[in-house]
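Before any comments, here is the structure.
Values in this text are rule-based calculations from the coordinates and carry no lab data. Predicted model, so just to flag it, every value in this text is computed and none were measured. Here the Cβ positions follow ideal geometry from the backbone for every residue, glycine too, while neighbour counts run over all protein chains shown.
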Amino acid sequence: MGTWGSGNFESDPAREYLSSFLDGLVAEIAEAMDGDPVAIEADEYEGVVVPCRLELLHVLIRAGHTSDTPLRPELVRHWKQRYLAVWERTIDELEPAPGFKEERRAVLNRTFDQLAEAAAERLT
């Protein structure tokens, strides 16, 4: 086992854990996005949790932590298209408060876009 620094992620076991953790987040997102669209509706568990996972990935990637399997920006853009189509189709049924729909849409767009941008930067 190698250790190359004093940081929390600067050893082989820590790096393996981090890579596994990141790959797990990506797999959970992919499973939700490839599954039944009902699961990602605005009021469903995966519909709420997918953006949380995306933001966690973004924070970790921006901090310089990556997996052995790079996240492809085109995949994030595909997820965005699919997720937002379902969200737009279902949000009005929840009768959101005035202004919420526009604010939430902006947050969702930013969440997907910043992850796609971070993923693209890691590939260059």
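In the elastic network of the chain, a GNM with C-alpha springs shorter than 10 Å, the most mobile of ASP12, ASP34, ASP113 is ASP12. Within the stretch 110-124, whose backbone N sits under 20 Å from a point 7 Å along Cα→Cβ of GLU28? Under cut-off, by backbone N: 111-116, 119.
Among LEU71, LEU115, LEU22, the ranking by other beta carbons within 10 Å of each residue's beta carbon, starting with the fewest, stands as LEU22, LEU71, LEU115. This ranking places THR111, THR90, THR69, THR124 by how few other beta-carbon atoms lie within 10 Å of each, fewest first, which gives THR124, THR69, THR90, THR111. Long hydrophobic helices in the chain: the complete DSSP H runs spanning 30 Å or more by Cα along their own axis with mean Kyte-Doolittle hydropathy of at least -0.5 are 12-34.
Neighbour counts of C-beta atoms inside 10 Å place VAL86, VAL76 in the sequence VAL86, VAL76, starting with the fewest. For the stretch 20-92, the alpha-carbon coordinates run over 38, 21, 19 Å along the three principal axes, in decreasing order. Every helix of 4 or more DSSP H residues in the chain counts as -39500 (n - 2.57), and over all residues that averages to -23000 deg cm²/dmol at 222 nm. Computed from the C-beta positions of ALA14 and GLU93 and an R0 of 30 Å, the FRET efficiency is 0.10 to the nearest 0.05.
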